[in-house]
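One structure is given here, and the rest of the page talks about it.
The values are calculated or read from the model by the stated rules, or taken from the named source; none is laboratory data. Just so it is clear, the structure is predicted and the values come from calculations on it, not from any experiment. Positions of Cβ are generated from backbone atoms using ideal geometry, with glycine treated the same way; all protein chains shown enter the neighbour counts.
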Amino acid sequence: MSVTYTGPWGRSAKNTKGIRTYTRGFKLQASAVTDDEFIVGSHPSLPLIGSQHPNDSSAWCVSLEVDNAWPPLGWLVTANYDSSFELSVNPIFEPAQISWDFEQYQIAAVTDRNGKGITNSAGDFFRDPVPTRDDSRPTVTVQKNVAAIPNFILSYQDTINSSAFVVDGFAIGTGKAKMQKVGVSTQQERNGFPFRTITMEMQLRRDGWDLSTPDVGYRSISATTNRVNITSSDGTSPATPVQLNGSGVAVASPLFSTVVYLSFPVYYQADFNVLPLT
């Protein structure tokens, strides 16, 4: 059994609002009726999916139609080209596919937009209920074909960017992005090249990802650096945590303007510039 390529058979072109499409026909002759459409469509003389049009380097072969036009042994294969697609011969050279969305969360509202503490007029934080606010975060999803499972898949778990980087033309400042999720597809193959598609989901936060919490508690540091229980003027323990001044000393006259916030770098850092984002 064999299939013989006998040459080109017709062609056409169309331009629709600047998008150019082409068809190129090829005639093939089978030697047996068992030479089916898969065998005919796999002939090495036919264009590969992702190959360029011979006269238009901005148009790419997006599909092959295999038709038993002259049964039982005569076949016509039509290659379809499209300038709106750009499929390289090797899938790993294709540009990353990037999409944007917003994820909405609710977080405790401990500061106002000016960075002042949200407290009652006596300087105590609200407890029942704790006030909340929306915390909408831009989410960037990057899909990129890679040759194999990347080594960084484990080391970037819940990391923030250690330096500024660019994604989809946008500059992201240091510490503003966090890797939320990394996924890898099953192994695929196109044009004879094996590859996997890696999906990286990053969330952005303009305030960064350090943990910020009010400096409050039930104990303070005395002059001898020992921790002592804070008591009210009547000798009783306070019902709510007391404001501290950032050095372990209770604030004498607490107000919303006297709240001190402590910041903790809770996430590991990594260089996002080395990720396959383009």
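Here are the numbers:
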{"read-out": "Failed condition for Y81, given (1) touching a Cys at 6+ places or on another chain (Cβ under 8 Å); (2) surrounded by fewer than 17 Cβ atoms within 10 Å (Cβ to Cβ)", "value": "(2)"}
{"read-out": "Elements of type strands (runs of 3 or more DSSP E) in segment 105-214, at least 1 residues being among the acidic types (D, E) and either surrounded by fewer than 19 Cβ atoms within 10 Å (Cβ to Cβ) or free of Cβ contacts under 8 Å to residues at least 60 places away in the same chain (or both)", "value": "132-134, 188-190, 193-204"}
{"read-out": "When residues of segment 251-267 are limited to those that are exposed (fewer than 13 other Cβ atoms within 10 Å of the Cβ) and of a type outside the set (V, I, T), the one nearest to the chain's Cα centre (by Cα)", "value": "P265"}
{"read-out": "Meets criteria (assigned to a strand (DSSP E or B) and either in contact with a Leu (Cβ under 9 Å, 6 or more places away or on another chain) or assigned by TED's automatic domain parsing to the domain that holds S58 (or both)) for A79", "value": "yes"}
{"read-out": "Unmet criterion (only one of (1) hydrophobic (A, V, I, L, M, F, W, C); (2) touching a strand residue (DSSP E or B) at 6+ places or on another chain (Cβ under 7 Å); (3) not assigned by TED's automatic domain parsing to the domain that holds R137) for M202", "value": "(3)"}
{"read-out": "Exclusive hit being within 19 Å of the chain's Cα centre (by Cα) and outside the structural domain of H53 (by TED's automatic domain parsing), set V130, V146", "value": "V146"}
{"read-out": "Condition broken by A252, with the remaining ones in (1) without any contact (Cβ under 8 Å) to a residue 24 or more places away in the chain; (2) part of a loop (DSSP other than H, G, I, E, B); (3) within 23 Å of D134 (Cα to Cα) satisfied", "value": "(3)"}
{"read-out": "Selected residue [within 26 Å of Q106 (Cβ to Cβ), not hydrophobic (A, V, I, L, M, F, W, C) and not assigned by TED's automatic domain parsing to the domain that holds T141] from G217, G235, G246", "value": "G217"}
{"read-out": "Hits in segment 1-58 (condition: farther than 19 Å from Y81 by Cβ and acidic (D, E))", "value": "D35, D36, E37"}
{"read-out": "Test: residue in segment 32-40 that is in a loop (DSSP other than H, G, I, E, B) and under 30 Å from S185 (Cβ atoms)", "value": "yes"}
